Amino acid sequence: MIHLSNIEKVYRTKTIETIALNNINLNINKGEFVAIMGPSGCGKSTLLNIMGLLDAPTRGSIVMDDQQVTALSRKKLALFRNLKLGFIFQSYHLINDLSVIDNVELPLLYRKGISGTERRKRALEALEKVGLSARTKHYPNQLSGGQRQRVAIARAIIGNPEIILADEPTGNLDSAMGEEVMNLMLHLNKTDGTTIVMVTHDELMAKKTQRVIHFFDGQQVS
Amino acid sequence: MNRKKQHFFLLLQLFVTFIALFLCLGLNLKKLSNYFQPLGYRYEDAWLLELDFQNMPAEEKSAYSQLIKDKLQSIKEIELVSATAVVPFQQWGKEEKIKYNKQSSLALGFEVDEHYSGVLDLKLVEGRWFKPSDYALNTIPVVLTKDLAERDFKQESPIGKTILIADQPALVVGISETFRENTAANLSPGFFFPMQTPATKYLLKSKNTDNFQLLEDKIRKAVGSVGTTEILIRQNISLSLVQKFAQKLDYIQLGITLIVFSFLLINVFLGISGVFSYNLSKRKAEIGLRVIMGASPADILKQFLGESMVLTTLGILPGVLIVTQLLIMQYLEPYTNGYYGAISIGCSALFIYILMLSCAFYPSLKAARLNPSDALHEE
């Protein structure tokens with residue numbers, strides 16, 4: 001599903017060169033739930049950004065869903081992200097001026113051929129899946145952290161992506177809420193067969209996934 | 001919505017810009033259209049001589065005034081002399097109450113002499129101009145302008161009718177073409193009546209102006225030959241072409257309009273660009289998120305340009321409603337009317353839409369080029 005070969009990411013300023021990722025080779029299979037762990041600054045989020053096509057590697061190639069995506073134009077990358085990827089972030093990244101249902105609909109706004117009625121129907125279904133169908137008209141600042149993350153999950157799954165990339169999705173939640181969100185992702189992985197790559201610091205959460213990859217100083221260590 | 005508060009200053013600026021533009025256009029469009037209307041007379045061959053009789057008693061002033069007129073008339077380069085209190089582009093008529101068939105109205109009274117129409121080539125559409133023999137009558141001979149005749153007499157011919165001017169009986173002897181103060185002015189429904197006060201101004205018709213200095217010397221000599229040192233020629237240059245007044249006025253109006261318009265344009269452009277850029281900079285995380293969710297650079301550009309159009313509509317809508325109401329209630333007459341008002345609303349709105357698009361384009365383009373992961377973390 002995701003094949004990373006010889007990935008290297010170097011950040012350069014006039015005086016300093018920082019190697020964020022060094023020769024990463026990684027294969028993630030379809031339907032797999034993988035956790036990426038490692039200390040802060042080890043390159044986990046950089047890797048997730050590269051997998052999410054938000055950042056280009058300095059060197060190496062990325063094949064996703066049998067498609068070489070390294071050299072795609074910004075427009076094609078946007079389309080690929082929209083069709084194939086779902087994102088969940090530690091700090092939810094909901095738009096405060098939009099209602100819950102409008103936030104969930106967001107990815108479908110950029111997908112051609114979907115009517116407003118269809119968008120609304122699918123947003124309601126996604127909110128149903130995360131147990132928030134009663135909160136459609138609320139605004140993000142009227143919700144708890146756990147509820148916000150569930151809205152973010154609904155937004156990530158509305159487009160039926162094949163891959164979900166989650167950057168510390170439970171990092172801002174208490175253990176009970178974190179558990180709830182984790183169970184939701186496990187459920188998605190099990191029932192829909194969605195491939196999930198999750199960056200986390202929480203070993204308990206990581207243990208619930210099928211594979212844990214450890215990073216240290218920009219390199220994969222296990 | 002929170003964003004409404006964020007956009008408040010932008011909306012306010014758009015509203016004020018619309019009103020300012022509307023006034024700038026509305027008030028000038030009518031004037032501009034007036035430029036293409038006939039003036040009703042020719043001022044190109046008319047010269048103005050203005051005298052100062054200082055503290056001379058009225059009776060003496062009257063005698064000298066007539067004497068100077070005769071002297072001027074004897075100069076061979078001068079075709080015709082008119083003693084007058086009304087000079088286009090410089091001094092206009094006075095409002096008087098007129099009454100006909102128990103109906104009262106206001107009109108401008110133009111105090112001129114029997115040669116006035118000849119000096120300015122003011123055409124008569126009916127009847128005749130008054131002549132010295134009319135002055136002996138008990139009624140004041142008057143010539144109405146065409147627009148006054150149409151306004152107050154409708155289909156009826158006013159020639160031979162007696163009207164009351166400030167309660168004095170006046171006999172209508174003729175109807176002239178419409179008469180406007182200057183090229184930018186609106187029509188001035190009014191009437192011409194003979195001089196009641198001693199003239200201090202003379203309009204001279206002379207096509208032979210090649211040797212200006214010679215003509216000026218002759219005029220100075222004519223004024224000096226009446227036998228008193230009390231009369232002064234008021235201008236630095238003893239004679240001023242009426243045309244000079246006309247040109248001066250046009251340039252001043254054009255200059256003021258251009259300065260106001262340019263100042264407005266620069267300020268508004270900088271203001272709106274600044275506010276729009278600031279508002280977008282506050283939404284970097286949202287832009288990053290939208291890109292991550294699949295928005296292409298073109299989608300982002302379209303979204304913010306679209307938003308700018310919605311904001312423009314919201315900003316100018318109250319202005320459109322207010323000025324439409326003012327136009328319907330005719331509060332802006334005579335500066336503008338419904339027709340030019342509607343054109344001004346359309347042009348001002350169109351101009352602001354174009355201005356807003358140009359102000360929004362660069363910040364929106366910058367937003368469309370943002371790196372999504374960097375933008376996402378800029379809260």
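Do we find a residue being over 22 Å from the mean Cα position of the chain (by Cα) and away from chain A (no Cβ under 14 Å) anywhere in the range B:365-378? The answer is yes, given that some residue of the range B:365-378 is over 22 Å from the mean Cα position of the chain (by Cα) and away from chain A (no Cβ under 14 Å). Taken residue by residue, the range A:26-42 has no member that is within 12 Å of chain B (Cβ to nearest Cβ) and either out of contact with any Pro (no Cβ under 9 Å at 6 or more places or on another chain) or closer than 26 Å to residue A:187 by Cβ (or both). Within the option set B:9, B:110, being in contact with a helix residue (DSSP H, G or I) (Cβ under 7 Å, 6 or more places away or on another chain), of a type in the set (A, V, I, L, M, F, W, C) and in contact (Cβ under 8 Å) with a residue 60 or more places away in the chain holds for one residue only, B:9. In the set (1) within 14 Å of another protein chain (Cβ to nearest Cβ); (2) within 20 Å of residue B:14 (Cβ to Cβ), the condition left unmet by residue B:289 is number (2). Does at least one position in the range B:298-308 carry a residue that is within 14 Å of chain A (Cβ to nearest Cβ) and of a type in the set (Asp, Glu)? Yes, the range B:298-308 has at least one match. Give me the pairs: first residue in the range A:46-68 and farther than 14 Å from residue A:197 by Cβ, second residue among the basic types (Lys, Arg), beta-carbon distance under 9 Å, and six or more apart or on different chains, which are they? From residues that are farther than 14 Å from residue A:197 by Cβ, the pairs are A:55/A:9; A:56/A:9; A:57/A:9; A:58/A:9; A:58/A:12; A:59/A:9; A:60/A:9; A:67/A:84. For the criterion of being touching a His at 6+ places or on another chain (Cβ under 9 Å) and either at pLDDT 90 or above or of a type in the set (S, T, N, Q) (or both), residue A:73 fails.
Considering the range A:160-185, the residues that are part of a helix (DSSP H, G or I) and among the charged types (D, E, K, R) include one that is surrounded by the most Cβ atoms within 10 Å (Cβ to Cβ), namely A:180.
Taking the conditions (1) surrounded by fewer than 22 Cβ atoms within 10 Å (Cβ to Cβ); (2) of a type in the set (Phe, Trp, Tyr); (3) touching a residue at least 60 places away in the same chain (Cβ under 8 Å) in turn, residue B:276 satisfies each one other than (1).
With respect to being under 22 Å from residue B:371 (Cα atoms), facing chain B (nearest Cβ under 10 Å), among the polar types (S, T, N, Q) and surrounded by 19 or more Cβ atoms within 10 Å (Cβ to Cβ), residue A:96 falls outside the description.
May I ask you to verify whether residue B:258 is surrounded by fewer than 14 Cβ atoms within 10 Å (Cβ to Cβ), without any contact (Cβ under 8 Å) to a residue 24 or more places away in the chain and over 21 Å from the mean Cα position of the chain (by Cα)?
The answer is no for residue B:258.
Being within 9 Å of chain B (Cβ to nearest Cβ) and of a type in the set (Lys, Arg) is the filter here; which residues of the range A:99-113 pass it? The one that is within 9 Å of chain B (Cβ to nearest Cβ) and of a type in the set (Lys, Arg): A:111. Restricting attention to the range A:142-157, the residues that are part of a loop (DSSP other than H, G, I, E, B) and surrounded by 24 or more Cβ atoms within 10 Å (Cβ to Cβ) total 0.
Counting residues in the range A:148-161 that are away from every other protein chain (no Cβ under 12 Å), farther than 29 Å from residue B:298 by Cβ and over 14 Å from the mean Cα position of the chain (by Cα) gives one or more. Look at residue A:131 and say whether it is more than 11 Å from every other protein chain (Cβ to nearest Cβ) and of a type outside the set (Lys, Arg). For residue A:131, the condition - more than 11 Å from every other protein chain (Cβ to nearest Cβ) and of a type outside the set (Lys, Arg) - is met. Listed by position, the helices (runs of 4 or more DSSP H) inside the range B:1-113 whose residues that are modelled with pLDDT of 90 or more number at least 1 are B:8-35, B:58-73.
The residue that is nearest to residue B:185 (Cα to Cα), counting only those in the range B:307-336 that are surrounded by fewer than 18 Cβ atoms within 10 Å (Cβ to Cβ) and touching a Leu at 6+ places or on another chain (Cβ under 8 Å), is B:335. Can you work out which of the residues in the range A:48-82 that are of a type in the set (Lys, Arg) and under 16 Å from residue B:293 (Cβ atoms) is farthest from the other protein chains (Cβ to nearest Cβ)? Out of the qualifying residues, it is A:76.
The values are calculated or read from the model by the stated rules, or taken from the named source; none is laboratory data. Bear in mind the structure is a predicted one, so any value in this text is a computation, not a measurement. Note: ideal-geometry Cβ built from the backbone for every residue, glycine included; neighbour counts use all protein chains shown.
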